[in-house]
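**Q** First the structure, then my questions, so here it is.
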Amino acid sequence: MTGNPPVDVQQHGQSIWLDFIHRHSLESGEMQKYIDEFGVIGVTSNPAIFQKAIGDSDDYDAAMMHMLDMDSYAIYEKLAIEDIQHALDMFRPVYDRTQRKDGYVSLEVSPLIANDTATTISEAKRLFNTVDRPNLMVKIPATQAGIPAIEEAIAAGVNVNVTLIFAVENYEEVAKAYIRGLERRMASGEDIRHIASVASFFLSRIDVMVDRMLENNIRAAQGRDIDRVSANRKLLGTAAIANAKLAYKRFMDMFYGEAFEKLRTAGGQVQRPLWASTSTKNPAYPDTMYIDQLIGKDTVNTVPPGTLKAFKDHGSVSESLLDDLDHIEDTMDMLAEVGVDMKQVTDQLQVDGVALFSEAFENLLSQVDAK
């Protein structure tokens, strides 16, 4: 062990990516420091991150002065692509060294088209060609309209980061779409060795919603049903980790078994689960819980700067993803017994996630317009 947790996790097959991008970070040497000292080997972005970077800072104002004849969307896209290309070039040595496993930077299609399959497909292809770097991942949401777009993008040779996955069933749809895309590409005689994809499974938002339901149950039973209070209290902060581990079990079934064997032989990469939304929202919980408890083979954890620094300082490293894996359904059963409908929770969270990113994107365009 090196005593550097973000690097040490690589010994267990996990990659740490940074859930953050900002022009100042790229130009000041901060991003290079994340690579050199924190073991970061990839980057993810989303509309909310760009809204904070471009809309809430003046670091992009000088560049905007040369784009005044463009509309707000065109200005945003040009600024974002410049940052993404800068980061991609910075991470290209990682991409080459890991033989195309890591070194990726993600750029999201507009969340405003999350429910439009055809436009998502054309935008994914356009962005991939415009950015023109082999280590770009285009982010596509795992909505019902997004699933066929994922398959089409993979078949067309576009690396895809599938975002806003909350439900295990939705994750399975995503994985099958990826496999179909690879199969189509291979059947057409195209090389599949350079295609990569991750499935971004969101965590902390699940616990926020489920814990609220459990706390309501506790208040309702307080002083009247000690056993019910105890059962609900025991489940606080467990739903997201259990849900993620259940998804990992499905991942192993689909990608470590015979079904993927032909694609693996042809050089196809597994679609790694990526743990997203990993900053702890409840201050009562350990600030590194969504990293410490989900370390395992063929996974990625994308971490915001504050959580990454906390993990480097006091994170715990072991192959924790396999802990209690055979009993994880018990937690899901107990949640159901106290009235938590995980399907309803995860469906709502995906709808909310699209809405939040859409709102951030529209705010960003308004801020660009105002500037």
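The values are calculated or read from the model by the stated rules, or taken from the named source; none is laboratory data. As the structure is a computational prediction, the values presented were derived from the model and not from experiment. When we count neighbours, we look across all protein chains shown, and the Cβ atoms used for this are built from the backbone with ideal geometry, even at glycine. The area values use the complete protein model at the heavy-atom level, side chains included, leaving out ligands, DNA and RNA. Shrake-Rupley method; radii C 1.70, N 1.55, O 1.52, S 1.80 Å.
**Q** Which pairs in the list 281/312; 78/139; 312/343; 125/371; 52/309; 52/312 are over 26 Å apart, alpha-carbon to alpha-carbon?
**A** From the list (281/312; 78/139; 312/343; 125/371; 52/309; 52/312), the Cα-Cα distance tops 26 Å for 312/343; 125/371.
**Q** Along the Cα-to-Cβ line of residue 33, 7 Å from the Cα, sits a label point; which residues in segment 90-114 have backbone N less than 20 Å from it?
**A** 90-91
**Q** Could you tell me what percent of the accessible area of segment 107-162 is made up of carbon and sulfur, with a 1.4 Å probe and every protein chain present?
**A** Working: 830 of 1680 Å².
Taking all protein chains in place, segment 107-162 shows 50 percent carbon and sulfur surface.
**Q** Here's another thing I want to ask about it. May I ask for the distance between the Cα centers of segment 62-92 and segment 303-339, given as a whole number of Å?
**A** Spelled out, the Cα-based centre of one part sits 37 Å from the other.
**Q** Counting only pairs 8 or more places apart or on different chains, how many lysine pairs in segment 147-280 have C-alpha atoms closer than 21 Å? Show your work: numbers first, answer last.
**A** Numbers: 176/245; 176/249; 176/262; 234/245; 249/262.
Final tally of qualifying lysine pairs is 5.
**Q** So which helices of the chain fit the span-like rule, where a helix is a whole DSSP H run, its Cα atoms reach 30 Å or more along the axis, and its mean Kyte-Doolittle is at least -1.0? It would help to have the intermediate numbers written out before the result.
**A** Numbers: long enough: 72-97 (38 Å, -0.31); 342-370 (41 Å, 0.11).
Both cut-offs are met by 72-97, 342-370.
**Q** To continue, here is another question. Would you mind calculating the relative contact order of segment 245-356 from Cα pairs under 8 angstrom and at least 6 residues apart, reporting the percent as a whole number?
**A** 24 percent
**Q** What list of ³J(HN,Hα) values in whole Hz, one per residue of segment 65-71 in order, does the Karplus curve 6.51 cos²θ - 1.76 cosθ + 1.60 (θ = phi - 60°) give from phi, with Gly and Pro shown as x?
**A** Working through the residues one at a time gives 4, 9, 10, 5, 8, 9, 7 Hz.
**Q** Quick one: length gained pulling residue 169 to residue 10 fully straight, 0.36 nm per residue minus the C-alpha distance?
**A** 54.4 nm
**Q** Here's a follow-up. For residue 101, give me every one of the lysines with a C-alpha distance below 16 angstrom, ignoring sequence neighbours fewer than eight places off in its own chain.
**A** List returned: 297.
**Q** Can you work out the accessible area per residue across the chain, with the rest of the protein chains kept in place, probe 1.4 Å, in square angstrom?
**A** 42 Å²
**Q** On to the next question. At residue 329 and residue 74, where each label point lies 7 Å from the Cα along Cα→Cβ, what is the point-to-point distance in nanometres?
**A** For residue 329 paired with residue 74, the spin-label model returns 5.7 nm.
**Q** May I pose another question? Which order do the peptides 217-226, 9-18 come out in when sorted by mean C-beta neighbours inside 10 angstrom, highest first?
**A** Put in order of decreasing packing, that is 9-18, 217-226.
**Q** Taking Rg and Dmax of the Cα atoms in Å as the quantity of interest, determine which of (i) 21.0, 64; (ii) 20.6, 68; (iii) 19.9, 57 was computed from the displayed structure.
**A** (ii)
**Q** Any chance you could run the full-extension gain for residue 322 through residue 252? It's 0.36 nm times the residue separation minus the Cα-Cα distance, nm to one decimal.
**A** On the way: separation 70, 0.36 × 70 = 25.20 nm, distance 1.12 nm.
Here the segment from residue 322 to residue 252 would lengthen by 24.1 nm.
**Q** Would you mind calculating the relative contact order of the chain from Cα pairs under 8 angstrom and at least 6 residues apart, reporting the percent as a whole number? Display every interim value, and only then the final one.
**A** On the way: 620 pairs, mean separation 81.0, N = 371.
In percent, rounded to a whole number, it is 22.
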